Amino acid sequence: MKALTGAVDIALPNGLRVVLAHEPSAEITEIRLALPFATRPELAAPMELLAACLLRGTAKLDRRALIDRASALGAELSVTRDSEALLLSASTLSRSMPKAIALLATAARQATYPAHELDRVADSLLIGDRSGPRAGAYRRLLRHRYGAHPLFAEPAGIEALRAVTTEDLLRLHALAIVPDGAVLLMLGPLGPDAALTRVTDTFGGWSGTASGLHLPPMGATWNTGRMTLPSAPGMPTLVLTAGPGILPTDPEHPALHLANLILGGSGSSRLVRQIRERLGLAYRVQSALEETGAGAWTTVEALTGPGNGARMASELTSCMTQFADDGPTPEEVQAAKRLAKGLATTGLSDRADVASAATGFVLRGLPPGWLSHYLDRISAVCLDEVAAAARHCFDPATHAMAVADEHPTPIERIPAKDRR
């Protein structure tokens, strides 16, 4: 991330935020265009198809021609989507950057969504189960814990996907694919002045007001307790919990990051050692931090054999309680600090990953070099801060739990005590 700490960050008159990171010797230029594209249940089917079909043709270039044109430039175009954003990516030979960025702009701004491509993509999306047992249980748990929210809505159904038309996608495109609120990042050898000229020439004439496609805040619902869900015979038992979280911008977040690594966020965590290795009870066990523009929460998840739901729930609760009550050891905190830095280094060793991560930071209102500053904060966290984060976010009394088991036990209630 060092190349991004001195990046030029400027907004064009049309609202497009431009981040230019200079790497003089880079043979590959990374270009990212991120747009707010938050989940809206009433637009679930069109949003899914737009993301899948955006790079499948313009008025002059069909899908095959787009692929061939990119290949001739030594470039690769792609589009990905999460619950909050649409990310268009181009990785190109630096000498071909001017033509590659023009191709990306054309493909994104002039997409036509031909009907035959919609049919093809809809068919591929409908192959198999689009809402597996784990995803369905997770959504039900989060709705129980936090109430109704677009993040926890069901995915688009078969009929809704098949009903989407080219006209539907062109309307959504006009709403969502706009410069105001979008972020364009370029990481490559072109100097900032020349890069800004190129971006302005390519995107300066783009227009459109902000889409407003942002997630609303999660509600104040704080239900805890345990819910049981049916599981198909012979399927592994799934135990999930959801509890309080902290946003990355909060000064306490680095301490929570370390607490998560210690409890279940690494291969040497407490949950792995105590439940998987010592008891041999889990196929998989882990904890995680979930963070979105709507809010943040923590999760603990375990996969075990059929009929083991009650025992797994008890073991998870015991391990979480011990961690929340007693906190970590000094040795665990120091090991977690080393691991946090190592994971950041290896996870972002690829320039493409660095470009995508930095674009996401900027879209969320953070500086492009945010991760470097965050790792400095990790180094400064003390033992008591990690203990406080564990107590606040991993006390099982503040979590809701879902047990999907072939042989479920009656619903139990976990008393809630700290609902900060």
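The values are calculated or read from the model by the stated rules, or taken from the named source; none is laboratory data. Here the structure is a predicted model, which means the values were calculated and not measured. Note: ideal-geometry Cβ built from the backbone for every residue, glycine included; neighbour counts use all protein chains shown. Surface accessibility is based on the protein's heavy atoms, side chains included, excluding ligands, DNA and RNA. Shrake-Rupley method; radii C 1.70, N 1.55, O 1.52, S 1.80 Å.
Annotations for the structure displayed:
- Any chance Thr202 is assigned to a helix (DSSP H, G or I) and of a type in the set (Val, Ile, Thr): yes
- Restricting the stretch 344-369 to residues that are touching a residue at least 40 places away in the same chain (Cβ under 8 Å), part of a helix (DSSP H, G or I) and open to solvent by 30 Å² or more (accessible area, probe 1.4 Å), the residue that is farthest from Thr80 (Cα to Cα) is Arg351.
- Test: residue in the stretch 291-308 that is in a helix (DSSP H, G or I) and aliphatic (A, V, I, L, M): no
- Cβ-Cβ under 7 Å pairs, at least 6 apart or on other chains, the stretch 391-405 side in a loop (DSSP other than H, G, I, E, B), far side among the hydroxyl-bearing types (Ser, Thr, Tyr): Phe394/Thr298; His399/Thr224; His399/Thr241
- Within the stretch 143-166, the residues that satisfy the criterion of being within 27 Å of Gly295 (Cα to Cα) and surrounded by 16 or more Cβ atoms within 10 Å (Cβ to Cβ) are Arg143, His144, Arg145, Tyr146, His149, Pro150, Leu151, Phe152, Pro155, Ala156.
- Scanning the stretch 217-265 for residues that are farther than 21 Å from His149 by Cβ, assigned to a loop (DSSP other than H, G, I, E, B) and open to solvent by 10 Å² or more (accessible area, probe 1.4 Å) yields Ser231, Ala232, Pro233, Gly234, Met235, Pro236, Pro251, Glu252, Gly265.
- Just so you know, in the stretch 297-312 the residues that are touching a Pro at 6+ places or on another chain (Cβ under 8 Å) and open to solvent by less than 20 Å² (accessible area, probe 1.4 Å) include one that is farthest from Ile246 (Cα to Cα), and it is Gly305.
- Just one of (1) without any contact (Cβ under 8 Å) to a residue 40 or more places away in the chain; (2) open to solvent by 40 Å² or more (accessible area, probe 1.4 Å); (3) not hydrophobic (A, V, I, L, M, F, W, C) fails for Pro98. It is (1).
- Any hit, the stretch 172-189, residues being part of a helix (DSSP H, G or I) and without any contact (Cβ under 8 Å) to a residue 12 or more places away in the chain: no
- Test: residue in the stretch 71-92 that is surrounded by fewer than 17 Cβ atoms within 10 Å (Cβ to Cβ) and β-branched (Val, Ile, Thr): yes
- Restricting the first member to the stretch 313-330 and to residues that are assigned to a helix (DSSP H, G or I) and open to solvent by less than 10 Å² (accessible area, probe 1.4 Å), and the second to residues that are at pLDDT below 95 and of a type in the set (D, E, K, R), the beta-carbon pairs closer than 9 Å and six or more apart or on different chains are Ala313/Arg226; Ala313/Glu412.
Condition check ((1) part of a helix (DSSP H, G or I); (2) within 19 Å of the chain's Cα centre (by Cα); (3) of a type in the set (Ser, Thr, Tyr); (4) surrounded by fewer than 21 Cβ atoms within 10 Å (Cβ to Cβ)) across all residues:
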site: Arg120; (1), (2), (3), (4): yes, no, no, yes
site: Ala135; (1), (2), (3), (4): yes, yes, no, yes
site: Asp168; (1), (2), (3), (4): yes, no, no, yes
site: Ala195; (1), (2), (3), (4): yes, no, no, no
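- Selection from the stretch 315-367 of residues that are at pLDDT 95 or above and among the small types (Gly, Ala, Ser): Ser318, Ala324, Gly327, Ala335, Ala336
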